[in-house]
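J.: Structure provided below as structure tokens; questions to follow.
The values are calculated or read from the model by the stated rules, or taken from the named source; none is laboratory data. A quick note: this is a predicted structure, and the numbers were derived from the prediction, not measured. Cβ atoms come from the backbone with ideal geometry, glycine included; neighbour counts cover every protein chain shown. For the accessible areas, the whole protein counts, side chains as well, though only heavy atoms, and no ligand, DNA or RNA atoms are used. Shrake-Rupley method; radii C 1.70, N 1.55, O 1.52, S 1.80 Å.
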Amino acid sequence: MTPKMFVVCLRYSKNREDAEEILQEGFMKVFENLSQFQFNGSFEGWVRKIMVNCALQKYRSKSQLHAVLNIEDIREENSDTENIYSRLEVKELVKLVQQLSPAYRMVFNLYVFEKMKHREIAEQLGISEGTSKSNLADAKAILQKAISKNEQIAQHYSIQR
């Protein structure tokens, strides 16, 4: 279970050291609150939620989250972006997500991986729903651009061989 939870922590952190810190804090909370596990769902799901909450708490405490954009005209989500993400390996996606600003990274992770709604994300992060939608759209655009750039580089090198 530790490798799976480490990947969760990596997605929410900027680097390996931050992920290790979140993981350690998360497992401390797991052991402190083990008696509260209700056996209603999976133990792994319960632990995962604790890890995500530890990551959110870490970023809230450092005041790294702030509204990056708050536009009124929110772009429609593009279903083509889902196809792009599915072509990536997990390691590649984690590395790209880690390069996003903290606000974009949190919104992207909560929406894409935790399946939270914008209303829930807004409540968790103390931002408006519009900001959550805008940050997600911008994060997807940044990731799409980075993925396209990586694909162009890969094609360039495969042509030269």
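J.: Pull up segment 27-56, narrow it to residues that are part of a helix (DSSP H, G or I) and small (Gly, Ala, Ser), then point me to the one that is most open to solvent (accessible area, probe 1.4 Å).
T.: Ser35
J.: Being assigned to a helix (DSSP H, G or I), under 21 Å from Glu17 (Cα atoms) and open to solvent by 40 Å² or more (accessible area, probe 1.4 Å) is the filter here; which residues of segment 87-129 pass it?
T.: Val90, Lys91, Glu92, Lys95
J.: Please work out which residue is farthest from Val52 (Cα to Cα), limiting yourself to segment 11-26 and to residues that are assigned to a helix (DSSP H, G or I) and either open to solvent by less than 30 Å² (accessible area, probe 1.4 Å) or out of contact with any helix residue (DSSP H, G or I) (no Cβ under 8 Å at 6 or more places or on another chain) (or both).
T.: Among those residues, the one meeting the criterion is Glu17.
J.: At pLDDT below 85 and either open to solvent by less than 30 Å² (accessible area, probe 1.4 Å) or under 26 Å from Arg60 (Cα atoms) (or both): does that describe Ile84?
T.: When the stated conditions are applied, Ile84 passes them.
Yes or no, residue by residue, for (1) under 14 Å from Phe113 (Cα atoms); (2) of a type in the set (Lys, Arg); (3) modelled with pLDDT of 95 or more:
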{"position": "Met1", "(1), (2), (3)": "no, no, no"}
{"position": "Lys4", "(1), (2), (3)": "yes, yes, no"}
{"position": "Leu10", "(1), (2), (3)": "yes, no, no"}
{"position": "Lys14", "(1), (2), (3)": "no, yes, no"}
{"position": "Asp18", "(1), (2), (3)": "no, no, no"}
{"position": "Gln24", "(1), (2), (3)": "no, no, yes"}
{"position": "Phe31", "(1), (2), (3)": "no, no, yes"}
{"position": "Gly41", "(1), (2), (3)": "no, no, no"}
{"position": "Asn53", "(1), (2), (3)": "yes, no, no"}
